[in-house]
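Before any comments, here is the structure.
The values are calculated or read from the model by the stated rules, or taken from the named source; none is laboratory data. Since the model is a prediction, treat every value here as computed from it, not as a measurement. Here Cβ is always computed from backbone atoms with ideal geometry, including for glycine, and neighbour counts include all displayed protein chains.
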């Protein structure tokens, strides 16, 4: 898999499980199968850079009494990538902390937690970080070695025992890898074998060598762990999304069915009432036009037309009541006009008034008329706010399912590479 496809696959997974972004970034490192990574972490001026130089056998990292390490520095030596992170308290809460923690959690196979002996027991921040590192080690098999640095700055063996006991009480069972970079350098320069041994660097190198031999197994364990966890989470997410989608689709279909049956029943009832009314009428006076002299008189034609209009209004009120119960009231925004009184579904489908029997009969008593009302009201029902919101929710859920499927495929592709 090319680096571009590798990056895209990781992005596909992270887009669905953003809270897993760090684990996915770690997987990218694991599948790349680069050199094992050893990182020193700890507070500013606790001798981290000096320690790395002695372990590597060359001066790869800057050492000074003033703050030197401000970025994540690395050097490859003897098949190992060594990382020197900024001190955790060099610039508290800002970019330096971020670099140090990135090294500890993202890039490292072995973490050297460095604490200067002269500082005595661990402070609260160190305790919290060390506890997190140990918990991570138990889960992922990544190793954390505690290094008590600068032991040459202690007055005597008694003070060393005192510091060791204090830290042992804070972290029961901890292994103290006591080391002095200064003693080791002096031992090298003076050819003093005893001083070299007393520096603790050879013993720490041996511990590192043993730890590095376990890195391949630890990486395999961590890869399987992360692929398994993320894969299971994607599957659970996808199952939940699919169940939600099926429920929404069922709701959409059931709502439409209930609306259609209810509307058909209402139209059938009012059509029956109007048909009975029309059948009971006698002479059709509404078709006889009024003369000029009848402008202010009550005529048979006027009474007939009023009677028809009342029957029509009653039918519309009954249908409108049913529609309102299903959220079908106003026209959708794209169909509204400047005349607010006309922006109703009833006006759009039924018109404003009916004056003649033939119009009533055509609308309510003939099959094409009833079918048209059923069709047009159903169309506006589908354009109602609630139905559109439901359709949008279904579309979004379909997209989420597709994204989960894509993420699962991408994760499988990464796992295949691993």
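Restricting the first residue to the stretch 333-357 and requiring it to be surrounded by 10 or more Cβ atoms within 10 Å (Cβ to Cβ), which pairs with a second residue that is part of a loop (DSSP other than H, G, I, E, B) and at pLDDT below 80 meet a Cβ separation below 6 Å and a spacing of at least six or different chains? Correct list of pairs: 336/343; 356/286; 357/284. Residues in the stretch 38-48 that are modelled with pLDDT of 90 or more and either surrounded by fewer than 20 Cβ atoms within 10 Å (Cβ to Cβ) or not assigned by TED's automatic domain parsing to the domain that holds residue 85 (or both): there are none. Screening residue 112 against (1) under 26 Å from residue 127 (Cβ atoms); (2) modelled with pLDDT under 90 leaves a single unmet condition, (2). Taken residue by residue, the stretch 332-350 has at least one member that is at pLDDT below 90, over 28 Å from residue 251 (Cβ atoms) and touching a helix residue (DSSP H, G or I) at 6+ places or on another chain (Cβ under 6 Å). Kindly check whether there is at least one residue in the stretch 279-290 that is under 22 Å from residue 352 (Cβ atoms), assigned by TED's automatic domain parsing to the domain that holds residue 358 and at pLDDT 70 or above. Yes, the stretch 279-290 contains a residue that is under 22 Å from residue 352 (Cβ atoms), assigned by TED's automatic domain parsing to the domain that holds residue 358 and at pLDDT 70 or above.
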